[in-house]
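Peer 1: Take a look at the following structure, please.
The values are calculated or read from the model by the stated rules, or taken from the named source; none is laboratory data. Predicted model only: the values in this text are computed from it and were never measured. Ideal geometry is used to build each Cβ from the backbone, glycine not excepted, and the neighbour counts take in all protein chains shown. All accessible areas refer to the heavy atoms of the entire protein, side chains included, with ligands and DNA or RNA removed. Shrake-Rupley method; radii C 1.70, N 1.55, O 1.52, S 1.80 Å.
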Amino acid sequence: MTIMLTRELGDMIASAHQIPPGDDALHYARRDLIDTLAVMLAGRNEDTVIRLAQTQRLLADAASPDILAFALQAGTAAHVLDYDNVALGGHPAAVLIPALLALARRFPLSGRALLIAYATGYEAWGELRRRHPVLAHAAGWHPSGLIGPIAAAAACASALKLDAVKARHALAIAASQSAGLMANFGTPVKALHIGFAAKAGLFAALLARQGITGNDAILEQDNGWLTTWSPHHPADRTTALALRQEDWLLARQPAAIKYYPVCYAAHRIVDAARQLYSHTAERRADIVRIRLMTSQRHSDILRFREPTDRTQSAFSLEFVAASALIDSELTLRSLQGEKRERAEVGRLMACCERIAIAESDPGREGFAPEDRIEIVFRQGDTLFSPPVRYATGDTRSPLSAEQLREKFIECLHWGGVTENTHTLWTSLQNIAQLSCIDELDIYRLLPCCK
């Protein structure tokens, strides 16, 4: 029997403050907030963000801050470097955090309320993701563009404390704004998918708050959201909400924090390359072949064999492997002009051969059980990397507290924020005690707020 999923999610949103997330969920919510703020500030001066801000100023009303413009720009900035965390087949934090920060510019929101709203949006994201047997990537959709608007609407409806009826209408309004094509991966449009989703979810919640209504069975009905975008893979429209039986999803399935500023499909290959660095440092001139072994899905996503710019390089299996083999690292600087265009990087890229691993990881759709690299030398011998199952930053191979802090400082410096960075890091550890989010410095650091 089909459940009334839209209504049940509306009830969950409205009652989130009565059954608040536990300490573990709030810990991960705070961690995701801090990481997203960091990558957002790192991306604030990127060309795509600046051009977006210029466009927004053409439409701006100087009388008051445009919170929809803020959501769009902050979401785009959070994803433009592909350094934001990943979970549930997409990028929940990069969509949800900007939407909530934008909302807090006009509606008072405490730190704790923001964390609870984030956990609520994350829960909604997970509910929609788990009801499809196949990731949206398989059909050419960007999951963050599809699920993001609805999850952001859930988060903003929670922050606004909408009742269950208005919350379900927020979901319905947002469901008509799902979009995002994988064919735009490796272009600036991919980052805009995130900004569009953050803006759409916020707008949907505000429209519902004002009384605009939609179909309160939009998610589950025969021609509704679940069935329309993936008609060949029947969705689960019968299972009750997981939150009724278990703890909050954020506590059970926290996001992976990215250690490298490239598409997540490349991270295991980067780890494998870094493990080979010390064994190849004196023999790189003798390398004649580099076999990159990953899933066909990930190979297809990392489609640029001869990238021509930074964005394409973040989606190039050859580039990330060559760069990590040469430098034993892959940082924001690795993707910049002179380092990216080094002759040695080009030579090793030309040695690369892709080999698709047919086996699938039973727990992670689209992944091979393990990624690995094989290097063949001119002398005839072959070097094998250890197989990599969990990328650095995965919850099963987590970053240390020091690595998280270092990434935060690196991102702020990259974005030109050099003063009081350690103070900001320390203050954000106590975000749950902040009485009003709009006191955060983030509001004076993005171009649309200047």
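Peer 1: Looking at Trp125 and the list (1) in a helix (DSSP H, G or I); (2) farther than 21 Å from Gln253 by Cβ, which single condition is not satisfied?
Peer 2: Result: Trp125 passes all but (2).
Peer 1: From the list Val376, Val388, which residue is modelled with pLDDT of 95 or more, under 30 Å from Arg130 (Cβ atoms) and among the hydrophobic types (A, V, I, L, M, F, W, C)?
Peer 2: Val388
Peer 1: Now a separate question. State yes or no: is Ala71 buried (at least 24 other Cβ atoms within 10 Å of the Cβ) and farther than 23 Å from Asp394 by Cα?
Peer 2: yes
Peer 1: Something else now. Which count do you get for residues in the stretch 299-331 that are open to solvent by less than 10 Å² (accessible area, probe 1.4 Å), closer than 20 Å to Ala138 by Cα and outside any loop (DSSP other than H, G, I, E, B)?
Peer 2: 2
Peer 1: Also, I was wondering about something else. In the stretch 184-213, which residues are open to solvent by 30 Å² or more (accessible area, probe 1.4 Å) and over 25 Å from the mean Cα position of the chain (by Cα)?
Peer 2: Leu207, Arg209, Gln210, Gly211, Ile212, Thr213 - these are the residues of the stretch 184-213 that are open to solvent by 30 Å² or more (accessible area, probe 1.4 Å) and over 25 Å from the mean Cα position of the chain (by Cα).
Peer 1: In the stretch 95-110, which residues are buried (at least 21 other Cβ atoms within 10 Å of the Cβ) and either more than 14 Å from the chain's Cα centre (by Cα) or of a type outside the set (A, V, I, L, M) (or both)?
Peer 2: Answer for the stretch 95-110, where residues must be buried (at least 21 other Cβ atoms within 10 Å of the Cβ) and either more than 14 Å from the chain's Cα centre (by Cα) or of a type outside the set (A, V, I, L, M) (or both): Pro98, Leu100, Leu101, Ala102, Leu103, Ala104, Leu109.
Peer 1: Tell me the helices (runs of 4 or more DSSP H) entirely within the stretch 4-68 that contain at least 3 residues that are open to solvent by 20 Å² or more (accessible area, probe 1.4 Å) and modelled with pLDDT of 90 or more.
Peer 2: 23-42
Peer 1: Could you tell me whether any residue of the stretch 156-163 is in a helix (DSSP H, G or I), among the hydrophobic types (A, V, I, L, M, F, W, C) and over 14 Å from Ala208 (Cα atoms)?
Peer 2: Looking for residues that are in a helix (DSSP H, G or I), among the hydrophobic types (A, V, I, L, M, F, W, C) and over 14 Å from Ala208 (Cα atoms), one finds none in the stretch 156-163, hence no.
Peer 1: Still on this structure: What number of residues within the stretch 274-298 are part of a loop (DSSP other than H, G, I, E, B) and either open to solvent by less than 30 Å² (accessible area, probe 1.4 Å) or basic (Lys, Arg) (or both)?
Peer 2: 1
Peer 1: Suppose we keep only residues that are assigned to a loop (DSSP other than H, G, I, E, B) and open to solvent by less than 30 Å² (accessible area, probe 1.4 Å) within the stretch 364-391. Which one would you say is nearest to Cys351 (Cα to Cα)?
Peer 2: Here the residue is Ser385.
Peer 1: Collect the residues in the stretch 293-312 that are out of contact with any Ser or Thr (no Cβ under 8 Å at 6 or more places or on another chain) and either farther than 19 Å from Leu335 by Cα or of a type in the set (Gly, Ala, Ser) (or both), keeping them in residue-number order.
Peer 2: Within the stretch 293-312, Met293, Thr294, Gln296, Arg297, His298, Ser299, Asp300 qualify.
Peer 1: Now, a different point. If you check Ser176 against the conditions, is it in contact with a Cys (Cβ under 7 Å, 6 or more places away or on another chain), of a type in the set (Gly, Ala, Ser) and surrounded by fewer than 24 Cβ atoms within 10 Å (Cβ to Cβ)?
Peer 2: Answer is no for this residue.
Peer 1: Hey, Ile409 hits all of (1) open to solvent by less than 40 Å² (accessible area, probe 1.4 Å); (2) part of a loop (DSSP other than H, G, I, E, B) but one; which does it fall short on?
Peer 2: (2)
Peer 1: Another one. Answer yes if at least one residue in the stretch 251-258 is open to solvent by 40 Å² or more (accessible area, probe 1.4 Å), within 23 Å of the chain's Cα centre (by Cα), under 22 Å from Arg396 (Cα atoms) and without any contact (Cβ under 8 Å) to a residue 24 or more places away in the chain, and no otherwise.
Peer 2: Scanning the stretch 251-258 turns up at least one residue that is open to solvent by 40 Å² or more (accessible area, probe 1.4 Å), within 23 Å of the chain's Cα centre (by Cα), under 22 Å from Arg396 (Cα atoms) and without any contact (Cβ under 8 Å) to a residue 24 or more places away in the chain.
Peer 1: Moving to a separate point now. Open to solvent by 70 Å² or more (accessible area, probe 1.4 Å), at pLDDT 90 or above and more than 30 Å from Arg291 (Cα to Cα): is that true of Ala432 in this structure?
Peer 2: no
Peer 1: List the residue pairs whose Cβ atoms are under 7 Å apart, where the first residue sits in the stretch 146-173 and is free of Cβ contacts under 8 Å to residues at least 60 places away in the same chain, the second is open to solvent by 10 Å² or more (accessible area, probe 1.4 Å) and of a type in the set (Phe, Trp, Tyr), and the two are 6 or more positions apart or on different chains.
Peer 2: Leu160/Phe107
Peer 1: Just to verify a result, which residue in the stretch 413-429, among those that are aliphatic (A, V, I, L, M) and part of a helix (DSSP H, G or I), is most open to solvent (accessible area, probe 1.4 Å)?
Peer 2: In this case the residue turns out to be Leu424.
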